[in-house]
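All remarks here apply to the structure that follows.
The values are calculated or read from the model by the stated rules, or taken from the named source; none is laboratory data. This is a predicted model, so every value here is computed, not measured. Glycine also receives a Cβ, built like all others from the backbone with ideal geometry; neighbour counts cover every protein chain displayed. For the accessible areas, the whole protein counts, side chains as well, though only heavy atoms, and no ligand, DNA or RNA atoms are used. Shrake-Rupley method; radii C 1.70, N 1.55, O 1.52, S 1.80 Å.
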Amino acid sequence: MTNPFEFAKEQLIKATSCLKLGQGDVEKLLSYKNVLEAELEVDGDNFTAYRAQHNNALGPFKGGIRFHPDVSLNEVKALSMWMTWKTALLNLPFGGGKGGVSCNPKELTQEKLEGISRAYVRAFYKNLGPDADVPAPDVNTNPRIMMWMRDEYERLAGKPCPAAFTGKPVDAGGSLGRDEATGRGGFIIARELTRKLKMKPEETTVAVQGIGNVGYGVANLLHFNGYKVVGLSDSKGGIYDPEGLHPERLLKLKFEHGSLQKVCSVDKEAEKHQLVSNEELLELGVDFLIPAALENQITKQNAEKICAKVIIELANGPTTPDAEKILADREVMVVPDILANAGGVTVSYFEWLQNRKGERWKLDKVNTELETYMKKALSEVMAAAGEYSTDLRTAGLIIASKRVLSAMK
Ligand code: NAD
């Protein structure tokens, strides 16, 4: 059984050994402020909910809320620790938190989803808030859910608190550009790497696993900037076309027909695309492989079969540490999640700032600021990787753990 929490610890220990930190400091970095669990009762059904608050030395806990049948305590603990390193690496005034509810949103009515969202806020109300812990969307949660959560929080607080949640709809205090921010951040990283590796966008092939908020965002931006997106998938399977796919058109059709593979059986243009399994999609011979679904996708079982030159992790925790060792031996570059998918939390920070200052930023300003943060973090990680002769993940963790430890002290 794969345990992302063990992986998160192993990755951090590798970085702290490069820094030659003592056991006391390592334990400080690995310890959790709060790990909370509650049973939510909604119209006669029970759902288990979690909120892990890893570290707040640099500012309020920050991290998404996931609705998924596989949500577990170990998963939210791992995700909250990764948030601590991500916010520190991007130099944001936040710590790391993460939450989840074990449920299957595909089988729930809107009323039930709203009930779960509001019950979540009531269960953890005392530990949430703009100066305490600021959640955002993650897998299967969206701006609408953040709006219900903000509303419930304000009902309990008895006053407006727009900065208590980020990723809200723009009309309900959200920021322009937040919806596509994680995908855009990933695109900025892909584009910078294309330049550094002296590749040409039109000759660069890409496969994206998961055409959700993040995966669609990055696939669409890459497509419109001349890259060849040749592989795409959702939870039901993948599609491949060496001539290139049109993510925007395919997503519209997926909404109508249910899945990408179904689209290929009903649409004349999409009929030309080949159907591939989720496993095969990961093994395509592409330049950039972008996992943008869930954790534990590239493991020691398939790492030998990965043919991509670069893996850009837009999902959290898609590569296990033992897979990473195999990939390193095969000289596959892995751009870690704490860097590659940090665009979302960075624009969440802009949203929190706008809410607190009563400002509304134009989209251009959001995107320009995002670009500055992402490029700075990428060059810091590249420099640290050179300085410590290590991989990009360890380099990112070295920078982040130094910042967190110094704030704790
Ligand atoms: P989402 O729910 O919008 O999309 C998830 C997509 O993955 C869906 O299209 C689903 O069909 C697909 N999927 C699920 N299992 C799959 C499988 N085995 N193979 C292929 N596709 C599969 O979620 P999201 O917000 O896009 O999040 C995706 C990942 O990005 C998660 O790991 C999340 O933690 C991470 N992330 C999200 C954000 C954000 O701002 N939303 C920020 C940082 C990181």
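Only one of (1) out of contact with any Lys or Arg (no Cβ under 6 Å at 6 or more places or on another chain); (2) surrounded by 20 or more Cβ atoms within 10 Å (Cβ to Cβ); (3) acidic (Asp, Glu) fails for residue 269. Which number is that?
The number of the failed condition is (2).
Let me confirm something: among 127, 74, 140, which residue is among the polar types (S, T, N, Q) and away from the ligand (no atom under 16 Å from the Cβ)? Steps first, answer last, please.
On the way: 74 fails: away from the ligand (no atom under 16 Å from the Cβ); 140 fails: away from the ligand (no atom under 16 Å from the Cβ).
Step by step, each of 127, 74, 140 is checked, and only 127 is among the polar types (S, T, N, Q) and away from the ligand (no atom under 16 Å from the Cβ).
Considering only strands (runs of 3 or more DSSP E) fully contained in segment 203-255, which possess at least 2 residues that are out of contact with any Cys (no Cβ under 7 Å at 6 or more places or on another chain) and crowded, with 22+ Cβ neighbours inside 10 Å? Quick ask: steps written out before the conclusion?
Values: elements: 205-209, 228-234, 237-240.
In segment 203-255, 205-209, 228-234 are the strands (runs of 3 or more DSSP E) which contain 2 or more residues that are out of contact with any Cys (no Cβ under 7 Å at 6 or more places or on another chain) and crowded, with 22+ Cβ neighbours inside 10 Å.
Quick test of your reading of the structure: residue 258 fulfils all but one of (1) free of Cβ contacts under 8 Å to residues at least 40 places away in the same chain; (2) within 13 Å of the ligand (Cβ to nearest atom); (3) within 25 Å of residue 299 (Cα to Cα). Name the failing condition by number.
The number of the failed condition is (3).
Identify all residues within segment 212-236 that are over 23 Å from residue 272 (Cβ atoms), within 11 Å of the ligand (Cβ to nearest atom) and of a type outside the set (S, T, N, Q); write none if there are none.
212, 214, 217, 218, listed by residue number.
Residues in segment 74-111 that are of a type in the set (Ser, Thr, Tyr) and either under 22 Å from residue 46 (Cβ atoms) or open to solvent by 40 Å² or more (accessible area, probe 1.4 Å) (or both): how many?
Applying the first criterion (of a type in the set (Ser, Thr, Tyr)) to segment 74-111 yields 80, 84, 87, 102, 109.
Still in the list and also either under 22 Å from residue 46 (Cβ atoms) or open to solvent by 40 Å² or more (accessible area, probe 1.4 Å) (or both): 102, 109.
Residues flagged as of a type in the set (Ser, Thr, Tyr) and either under 22 Å from residue 46 (Cβ atoms) or open to solvent by 40 Å² or more (accessible area, probe 1.4 Å) (or both) within segment 74-111 amount to 2.
Which of the residues belonging to segment 237-255 are of a type in the set (Asp, Glu) and within 15 Å of the ligand (Cβ to nearest atom)?
Pass one, segment 237-255, residues of a type in the set (Asp, Glu): 241, 243, 248.
Scanning segment 237-255 gives a single hit, 248.
Scan segment 9-53 for residues that are within 18 Å of residue 96 (Cβ to Cβ) and surrounded by fewer than 13 Cβ atoms within 10 Å (Cβ to Cβ) and jot them down.
Of everything in segment 9-53, those that are within 18 Å of residue 96 (Cβ to Cβ) and surrounded by fewer than 13 Cβ atoms within 10 Å (Cβ to Cβ) turn out to be 27, 31.
Do we find that residue 188 is open to solvent by less than 40 Å² (accessible area, probe 1.4 Å) and closer than 24 Å to residue 75 by Cα in this structure? First the steps, then the outcome.
On the way: open to solvent by less than 40 Å² (accessible area, probe 1.4 Å): yes; closer than 24 Å to residue 75 by Cα: no.
Considered against the rule, which asks whether it is open to solvent by less than 40 Å² (accessible area, probe 1.4 Å) and closer than 24 Å to residue 75 by Cα, residue 188 comes out as no.
Among the residues of segment 361-409, which ones are open to solvent by less than 60 Å² (accessible area, probe 1.4 Å), farther than 18 Å from residue 187 by Cα and among the aliphatic types (A, V, I, L, M)?
Selection gives 384, 385, 395, 397, 398, 399, 400, 404, 405, 407.
Please enumerate the residues belonging to segment 146-173 that are within 12 Å of the ligand (Cβ to nearest atom) and either open to solvent by 50 Å² or more (accessible area, probe 1.4 Å) or on the phi < 0 side of the Ramachandran plot (or both). So that I can check it myself, show each step before the final result.
Keep residues of segment 146-173 that are within 12 Å of the ligand (Cβ to nearest atom), which gives 146, 166-167.
Listed by number, the residues that qualify are 146, 166.
Report, by residue number, each residue of segment 181-193 that is away from the ligand (no atom under 15 Å from the Cβ) and in contact with a helix residue (DSSP H, G or I) (Cβ under 6 Å, 6 or more places away or on another chain).
The one that is away from the ligand (no atom under 15 Å from the Cβ) and in contact with a helix residue (DSSP H, G or I) (Cβ under 6 Å, 6 or more places away or on another chain): 192.
Is there a residue being open to solvent by 10 Å² or more (accessible area, probe 1.4 Å), in a helix (DSSP H, G or I) and aliphatic (A, V, I, L, M) anywhere in segment 324-338? Reasoning before the result, please.
We begin by selecting, within segment 324-338, every residue open to solvent by 10 Å² or more (accessible area, probe 1.4 Å); these are 324-326, 328-334.
With the extra rule that they be in a helix (DSSP H, G or I), the set shrinks to 324-326, 328-329.
Of the ones still in play, those that are also aliphatic (A, V, I, L, M) are 326, 328.
Yes, some residue in segment 324-338 is open to solvent by 10 Å² or more (accessible area, probe 1.4 Å), in a helix (DSSP H, G or I) and aliphatic (A, V, I, L, M).
Return the residue satisfying two criteria in turn: it lies in segment 269-300 and is part of a loop (DSSP other than H, G, I, E, B) and of a type in the set (A, V, I, L, M), and of such residues it is nearest to the ligand (Cβ to nearest atom).
Going through segment 269-300, the residues part of a loop (DSSP other than H, G, I, E, B) turn out to be 269, 273, 277, 283-287, 292-297, 299-300.
Still in the list and also of a type in the set (A, V, I, L, M): 284, 286, 292-294.
On the way: 284: 13, 286: 15, 292: 5, 293: 4, 294: 5 Å.
Once the filter is applied, the top-ranked residue is 293.
Only one of these conditions is not met by residue 294: (1) open to solvent by 20 Å² or more (accessible area, probe 1.4 Å); (2) farther than 30 Å from residue 83 by Cα. Which number is it?
Of the numbered conditions (1) open to solvent by 20 Å² or more (accessible area, probe 1.4 Å); (2) farther than 30 Å from residue 83 by Cα, the odd one out for residue 294 is (2).
If you take the residues of segment 301-313 that are open to solvent by 10 Å² or more (accessible area, probe 1.4 Å) and within 24 Å of residue 204 (Cβ to Cβ), which of them is nearest to the ligand (Cβ to nearest atom)?
302
I need the helices (runs of 4 or more DSSP H) fully contained in segment 66-173, keeping only those with at least 2 residues that are touching a His at 6+ places or on another chain (Cβ under 6 Å). Give the derivation first.
Numbers: elements: 73-89, 110-124, 143-157.
Correct list: 73-89.
When both residues are 6+ apart or on different chains and their Cβ atoms are under 8 Å apart, which pairs have a first residue that lies in segment 194-217 and is more than 19 Å from residue 341 (Cα to Cα), and a second that is aromatic (Phe, Trp, Tyr) and part of a strand (DSSP E or B)?
Pairs that qualify, where the first residue is more than 19 Å from residue 341 (Cα to Cα) and the partner is aromatic (Phe, Trp, Tyr) and part of a strand (DSSP E or B), are 204/288; 205/288.
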